[in-house]
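Below is one structure, written out as structure tokens, with a few remarks after it.
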């Protein structure tokens, strides 16, 4: 019975994390299009700002929805951990993408395939690490 409850809670967290990630993608894409299309910003600068907005948005939403019962009262420290995990997840994402291209050169003809595997690896990494290191609850943060 307890295992079923834990599995159900984990599934709800996973779905919420996925939906929050999609909201973050919306912020990222929306801000990027606005800055490059309307304000004629450079791609690099626009993407830097849009990714930062996405990370901040997903932190707020994950804190309020996905991991509400496990958030830290020390918001600043939690955000630093969150942003660090996001950066590490990006490294995993790009690393898996590059590894696929290196191991299977034929995939260079269809780079969307390794992109999807990289994104999935980064997503899985972020979910697991967010649950264990970022949103640990009050007891684990000394708060």
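The values are calculated or read from the model by the stated rules, or taken from the named source; none is laboratory data. Quick caveat, the model's predicted, so the values are computed rather than measured. Note that each Cβ is placed from the backbone with ideal geometry, even for glycine, and that neighbours are counted across all protein chains shown.
Annotations
- Residue in the stretch 30-46 that is within 19 Å of residue 134 (Cβ to Cβ) and not in a helix (DSSP H, G or I) present: no
- Filter pass, residue 117 being under 14 Å from residue 18 (Cα atoms), in a helix (DSSP H, G or I) and outside the structural domain of residue 21 (by TED's automatic domain parsing): no
Rundown of residues vs (1) in contact (Cβ under 8 Å) with a residue 40 or more places away in the chain; (2) surrounded by fewer than 12 Cβ atoms within 10 Å (Cβ to Cβ); (3) in contact with a helix residue (DSSP H, G or I) (Cβ under 8 Å, 6 or more places away or on another chain); (4) farther than 23 Å from residue 10 by Cβ, yes/no style:
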residue	(1), (2), (3), (4)
55	no, no, yes, yes
59	no, no, yes, no
67	yes, no, yes, no
74	yes, no, yes, yes
77	yes, no, yes, yes
83	no, no, yes, yes
95	no, no, yes, yes
101	no, no, yes, yes
